[in-house]
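Notes follow once the structure below has been shown.
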Amino acid sequence: MADYDLAVIGGGPGGYVAALRGAQLGARVALVEEKRVGGVCLNEGCIPTKTLARSVELLLDMERAQEFGILVSEPALDFAKMMARKEKVVERLVSGVEALLQARKVELFQGRGRLLAPNKVSVEGRELSTRSIIIATGAEPGKPPVPGLDLEGVLTSSEILELEEAPSDLAIVGGGVIGMEFASIFNALGTKVTVIEMLPSLLPPLDEELSRRYLNLVQREGVEVHLNSPLRGVQQKGSSLLVEYGADEKVESVEADYVLIATGRLPYTEGLGLAELGVPCGKGREIVVNDYLQTTLPGVYAVGDVTGGWMLAHVAFRQGEIAAENALGNEKGIDYRAVPYGVFTWPEMAGVGLTEQEAKGEGIPYKKSIFRFAASGRALTMGETTGLVKMLCREGGEVLGLHIMGPRATDLIAEGALAIQMGAKASDIVATIHAHPTLPEAVREAALGQFEGPIHAL
């Protein structure tokens, strides 16, 4: 008899959720994790960055308190206390996950896991026999093949969270979600931020209309942005770093105290023993899985960032649940129709479903409707009227995509995700009474734009 019904390698969002779900279903579960549970998301990614974002949001609110009739002294930044709060929030959440695992009787093994066979895992010299295995080893920061990235002061998204003070100058290589969230945070803290992006636009997941609007906003806030500018290298120049970038023969440079490399992440498969067992990986190092999250090895599944594709914690959560159920005898596929994303900048941005450029590219007939937060009563009371809600619907009214820039966009997007998942139409959203005065009314007004037009705007 096997020691366990399920062994999970990796304790990040996909892994710990798979372990908890397996235990919930009555399985004997082993979870192997080299560091602390929670993975990059809890320890070095989603949670710490959003904790810092909240601190900065409060600072920005205090700086404009007089607009709301509140008189306060000039707010001052205590960077050390802000970082200490970040650590406190992370510790509370990680400890909470550890407590859940213990309560569900998941046995935690500290160390690196390796597959010896489809039913055997090695952990620091100890062998565990198991009926099924789930690989959830996540991803690591990717770095472009240019010189100078090993210099002191060239940081990954994990290392920048360990800074002891806000730098005077920061160069960020990569204008994706990670890069722009850090750009927003440090720009608000008074750092001179320069963003270097090789693509012609920022934030590739975004609808292009929102991306263009955001570029104008972030430049007005003082962030210097260079598009179509691949990184050429980093050099030491006195006490600073000289970052060289540009296409063809046009090489430009900028000096900075630190350089953040935010050029994406690569699936982490090193030392897992996959090649020895014949498990194929894609060109991007991702483990190849089918619709049921199975690898080519019977009884072996993979979830989360290590599978490539949607490298989002909430996707890993759902994959972990499904893989655990399938590993224990179910046969359930995963549905990616309604995967939302969020960008925690100022203003926030979020989207789900097709972007306008995707609808055009696929030749799908659609109608676009927009409602601006400047016409939202709730947004006006909050003093946050920048942005809009953009809805795309198929002929007949089925919601194809929802894209939001503005206050609490990352919360509001849930309505769009549910609409797409359920196959709802704009008329369904219109027929649903939305509370007043609230921000979700903006989603309903955008849905009204699919017909005669919004009520509260021309």
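The values are calculated or read from the model by the stated rules, or taken from the named source; none is laboratory data. What you see is a predicted model, and the numbers here were worked out from it, not measured in a lab. Ideal geometry is used to build each Cβ from the backbone, glycine not excepted, and the neighbour counts take in all protein chains shown.
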**OP:** Would you please list the contacts, defined by Cβ atoms under 6 Å and residues six or more apart or on different chains, that run from a residue in the stretch 165-178 that is over 24 Å from Glu348 (Cβ atoms) to a residue that is polar (S, T, N, Q) and not in a strand (DSSP E or B)?
**Re:** Pro167/Thr191
Subject >> Residue list for the stretch 230-246, filter: of a type outside the set (Ser, Thr, Tyr) and either touching a strand residue (DSSP E or B) at 6+ places or on another chain (Cβ under 6 Å) or touching a residue at least 40 places away in the same chain (Cβ under 8 Å) (or both) >> reply: Pro230, Leu231, Arg232, Gly233, Val234, Gln235, Gln236, Leu241, Leu242, Val243, Glu244, Gly246
Subject >> Residues within the stretch 136-166 that are surrounded by fewer than 16 Cβ atoms within 10 Å (Cβ to Cβ) and outside any loop (DSSP other than H, G, I, E, B), tallied >> reply: 2
Original post:
Can you find even one residue in the stretch 379-386 that is over 27 Å from Lys120 (Cα atoms) and crowded, with 22+ Cβ neighbours inside 10 Å?
Top reply: yes
**OP:** Kindly indicate which of Gly396, Gly363 is free of Cβ contacts under 8 Å to residues at least 12 places away in the same chain and in a loop (DSSP other than H, G, I, E, B).
**Re:** Gly363
Original post:
Applying the selection to the stretch 167-186, what residues are assigned to a loop (DSSP other than H, G, I, E, B) and touching a Leu at 6+ places or on another chain (Cβ under 7 Å)?
Top reply: Gly175, Gly176
Original post:
Among the candidates Val123, Val106, Val72, which residue alone is β-branched (Val, Ile, Thr), more than 25 Å from Glu286 (Cβ to Cβ), in the same structural domain as Gly12 (by TED's automatic domain parsing) and surrounded by 15 or more Cβ atoms within 10 Å (Cβ to Cβ)?
Top reply: Val106
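Here's the yes/no breakdown for (1) exposed (fewer than 13 other Cβ atoms within 10 Å of the Cβ); (2) touching a helix residue (DSSP H, G or I) at 6+ places or on another chain (Cβ under 6 Å); (3) assigned to a loop (DSSP other than H, G, I, E, B):
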{"site": "Val17", "(1), (2), (3)": "no, yes, no"}
{"site": "Gly22", "(1), (2), (3)": "no, yes, no"}
{"site": "Cys41", "(1), (2), (3)": "no, yes, no"}
{"site": "Leu77", "(1), (2), (3)": "no, no, yes"}
{"site": "Ala84", "(1), (2), (3)": "yes, no, no"}
{"site": "Lys88", "(1), (2), (3)": "yes, no, no"}
{"site": "Leu93", "(1), (2), (3)": "no, yes, no"}
